[in-house]
1. Which ones in the stretch A:115-124 are surrounded by fewer than 23 Cβ atoms within 10 Å (Cβ to Cβ) and within 9 Å of chain B (Cβ to nearest Cβ)?
2. Output the number of residues of the stretch B:225-238 satisfying the condition of being at the interface with chain A (Cβ under 7 Å from one of its Cβ atoms) and not basic (Lys, Arg).
3. Can you tell me which residue is nearest to the other protein chains (Cβ to nearest Cβ) among those in the stretch A:154-178 that are among the β-branched types (Val, Ile, Thr) and under 20 Å from B:Val184 (Cα atoms)?
4. Hey, can you tell me all the residues within the stretch A:139-153 that are of a type in the set (Phe, Trp, Tyr) and at the interface with another protein chain (Cβ under 7 Å from one of its Cβ atoms)?
5. Can you name the residue in the stretch B:526-562 that is facing chain A (nearest Cβ under 10 Å) and among the charged types (D, E, K, R) and, of all such residues, is surrounded by the most Cβ atoms within 10 Å (Cβ to Cβ)?
6. Restricting the stretch A:422-442 to residues that are buried (at least 20 other Cβ atoms within 10 Å of the Cβ) and within 11 Å of another protein chain (Cβ to nearest Cβ), which is nearest to A:Phe145 (Cα to Cα)?
7. Looking at A:Ala368, is it at pLDDT below 75 and hydrophobic (A, V, I, L, M, F, W, C)?
8. Could you list all residues from the stretch B:301-341 that are acidic (Asp, Glu) and either on the phi > 0 side of the Ramachandran plot or not in a helix (DSSP H, G or I) (or both)?
Amino acid sequence: MPERPNEQRREPAGIPPGMPGPGGPGRGAPRPKERARNTGATIRRLWAYLNRQRAGLILVYILTALAALVTMISPYLLGVAIDRFITPGRLEGLLGLCLLLLGLYAGGAAATWLQAYVMTGVAQRMLQSLRGDLFRKYQQLPVSFFDTRTHGELMSRNTNDIENVSNGLNQTVTQMLTSLIVVIGSLVLMLRLNVWLTLVGLVTIPLVMLATRLIGGVTRRNFKAQQEKLGSLNGLIEESVGGQRTVQIFRREQAMQAEFGEINGELNRAAVKAQIVSGLVGPVMNMLNNMNFALIAAIGAWMVFRDMTSVGVIVSFLNYSRQFGRPISDLANQYNLIQSGVAGAERVFEILDLETEYEEEGELIGGASLRGEVAFDSVSFAYKPERPILQNVSFRAEPGQKIALVGPTGAGKTTIVNLLTRFYETTSGTISIDGRDIRELDKNDLRRSVGMVLQDAYVFAGTIRDNIRYGRLDAGDAEIERAAELANADSFIRALPRGYDTPLTMGGTNLSHGQRQLLTIARAVLADPAILILDEATSSIDTRTEMHIQEAMRSLMRGRTSFVIAHRLSTIRDADRILFMSGGTAAEQGTHDELLEARGLYYELYMSQFKRLG
Amino acid sequence: MWRLSKYLKPYWLPALLAPLFMVLEVCMDLAQPRLLQTIVDDGISAGNPDIIRHTGLLMLGAALLGVIGGVGCTIYSSIASQNFGRDLRSSLYRKIQTLSFRNLDRLPTGTLITRVTNDVTQLQTFVQMLLRMFVRAPMLIVGSLVMAVTINLKLTVILAVAVPLLFAFLFFLVRFSLPMFAKVQNRLDRVNGRLQENLNGIRVVKAFVRSDYEEERFAEVNRDYTAVMTRGMRVLSLNMPVMTLILNISIVAVLWYGGALNRTGGIEVGALIAYINYVTQMLSSMLSIGMILTFVSRAKASADRVNEVFGEQPDIVDPEHSDSVSVSGGQVEFRDVSFGYGEDGQDLALRGVSFTVRPGQTLGILGATGSGKTSLVSLIPRLYDPSSGSVLLDGVPVNEIGLSELRSQVGMVLQEANLFSGTIRDNIRFGRPDAPEDEVLRAAQAAQAHEFIERMPDGYDTRLGQKGVNLSGGQKQRIAIARAMLLRPEVLVLDDSTSAVDLTTEAKIRGALERDMTGSTKLIIAQRISAVQGADLILVMDRGRAAALGTHEELLKTSEIYRDICRSQGNEGSEAYA
């Protein structure tokens, strides 16, 4: 006669706690349960989120309490029905009681459903705002933040962690309250009905707790072993399937299979053990329930025999003892869910608490008036003090000039442009535009006036038109096509079956890298910035195609101060000033001819690129 | 889905024992209310304390006996399901090893990995539940029904109404919620997609100051996901209250009808209590059927994904009677070869390419991105088969040479240097695990990798992380070259494999190749003219066609495209020859 089936809780025990849920996007190894660090503070903070919907929350509590009251009272009424009406055979009263029970059950069901209905809305809205806040935060964090974290990790905060919060939330807000009311209420009613029988009903509780703890401890150890093996197996799979082409070329299929088989076998041994141990929870709990049932039935009957109680009371007790035992044996499971929910929230809040790159405000530039004079004055930069990336770099670019940055990988070329856009902040020295220190300028305004075409030509899912429009959101179709023409992209776009309305996949995999680079150039043309940065913008366009779009590049750079980073010296020979970067310093500066004359590092590099042809 | 059951066959004994043990547990569970009935009717009502004591002990005994069944089921179901999973995983992995490049193009790496990991785990859990829960719930339902009917036939009228009602409700719930959750998954994918895209392009977002726009785009999918999820959860949340209500109404009905029967002596109190217990047991087991159904649908999705891999037919297979065919020399010949990646041979990547490279010669291959350079060399070790025409190695068509023989003769360095965790030495010896130390050193020296390896703390014993994460791009490429050189193949193919190596080092590698690999035919794909200038032959590819073939000097005279490429890489060089 229990309100809820006892099968329900058998299963969670059978599933490893770290099993990936249905929503988890293919992350490699299931993570073991996490523990939260600062539970109190995190819960208070989550609470603040929930409290934004106070009306809904209060309603949820009222409904939860109502449903719990029904759960609590109905076994009592069942006992009453047997003692007062059925055993003496008084049918008139029985009808009334049955109607009362029907009403209570219907009310309880309605309350349960309404509660779930409202709570779903409250919880989902809260998760929505949590996701939204996290996304907004990502937009405001400095570039250095993204350097040190994998995308997978950042994505998992938005999905797995928030999913854990959602699971934990369900437990805390409603289950806990239900458990509390049912446990206390049942205890009170049991004590009122019969003190001795109450003690009998409680006898198995310590056993339940002991069993949970014992099995839980052994389970954790075994699961840890299983997770480790699973982790190394997943690592092998990821690596070898990722490198499948290489494996086949070198005919290593057999060897890989052997290695796989070995780890797979180890995993199997660990997993069988872990599954058996964790699977013990179900049968053991079932046994304890049955023992409890037996004890109440037998001792209760003996007490009826001695006139110490009645059959109806036994019936009530059989129900109460189940209701009473369930929350306690579920406690460990609930606790785990709450813990990982709090841990998930903590990982989300950890991001939300980071400082954005917009902590201080700068003055607006007023875009049109910018001439584009750029000056670096003994600029140094280092991530770590002991490893300087840039040291004392000074140079000047007059409005409209083309500045080329050359030098070996790691010499600091990209760092210079990252400092100019304030993706990173200088360690010492000043950078100024039109004579104003860029640190005094509004960061967004600064970036709006500096256009960038980056090495990784990134395009978004959407049409080609949308992708070009990204450079200036209010641009009309004609302007977009004009920009594409300038970037030499118009002809390939028109050759596509749907022209400018061709949808691109994420990352633009349906275009070649060269075509993507042309699109990003068109994007920069449309943005029409005063200062332009081309960071290896044509690296993936083959030299021949590059030569054919030189004209586009030249028209793009006309009238703008531009910074060009390139490996191929042929593309930068006409620069107004070439900066040869080496080991974080501007080793040489001048025009192409001046630098050749100087017979220094640039001369050597130039010769090494061309001498074999000559 | 049931096709996969063959992996359970070797473990038929535990797979059979598990449900049998479960039968024991279920029987003991079912005995409890019946014994309670005895206590109430024969003990209390009849005033017989002996029966009470006796039956009470029986109940305790049944509980203890039941746990043996439960634990036995757990043990055997774990053994069966975990071994099933191991075999399935192994077999899937073995299948992946046989997939051709064309198969791999169709099944991206990411999804292959999740199939071997998540989907197999999902199926493993499913089998375990199949042997436990799925046996327990139906048996409890049937058992309770039987027990209830034997107690009182008249009361069964109530069940005759309630059970079909519950089934109907369950059916509708599943019908409505399944498509809803497919939709939820789809919306979640969109949320993840947007986020991933944003993270990938975060520099672009920042450079163009588009965070407001991005937030709006994200808010859109976020709102959408929340709405669909909320709707789905709300429908699903009907489950508990409605099923519980039907259950409780049935109990009230039994109570009232039973009460009426009791007055006329149709049923005793103890029997009525037992009856109510069985009704509860039966209907609550039906609640777990709902859960089983969601598990079935999830397992089905996983099984489909796994079966899709098993269903892939590798299009590159060992030719019959190939054991006797062996080749030596290293002459590579293309005869009017056309090739397309599409299924139907459309969108040709190569059109009518013919050329011959004689043993020991070096062929440089130049051409724009997408002109077919990589496709061309992929045909030699049969990573793909041509759509028409034939590729010959030493006069033998490559599809008549055994794959193992063929690939041991053709060493290939791919564009992306794929390394594996393990020591640097292991990585170099990847294709020849038994290669002697001095050959490893020689290969590393030739690939200009020796110096930087020596400078590492543990030298050749330095352990690389997964995919060689602790090396730079140029270092990885040099190890990949050493790995291929160690094979001492008849034909060595370098597919733009020095792109991250600086020019001076590249020149040294080229020199070492000429010196150390004199006997091997070398095919070198490059971007820079300087890298192929000294080759015996240069092939210029243009939109899938062999546009020109000849030495540097010849091509400068005859090929417009070649001159164009030279000009684009610095005028002086070509002017000197033009």
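1. A:Tyr117, A:Thr120, A:Gly121, A:Gln124
2. Taking the stretch B:225-238 and keeping what is at the interface with chain A (Cβ under 7 Å from one of its Cβ atoms), we get B:226, B:229-230, B:233-234, B:237-238.
Restricting the remaining residues to those that are not basic (Lys, Arg) gives B:226, B:229-230, B:233, B:237-238.
Total meeting the criteria: 6.
3. Per the stated criteria, the residue is A:Thr159.
4. Result: A:Phe146, single match.
5. B:Arg528
6. Residue satisfying both the conditions and the ranking: A:Phe423.
7. Numbers: at pLDDT below 75: yes; hydrophobic (A, V, I, L, M, F, W, C): yes.
Against the criterion (at pLDDT below 75 and hydrophobic (A, V, I, L, M, F, W, C)), A:Ala368 qualifies.
8. Within the stretch B:301-341, B:Glu312, B:Asp315, B:Asp318, B:Glu320, B:Asp323, B:Glu333, B:Asp336 meet the criteria.
The values are calculated or read from the model by the stated rules, or taken from the named source; none is laboratory data. Predicted model only: the values in this text are computed from it and were never measured. A quick note on method: Cβ atoms are made from the backbone with ideal geometry, for glycine too, and the neighbour counts reach across all protein chains shown.
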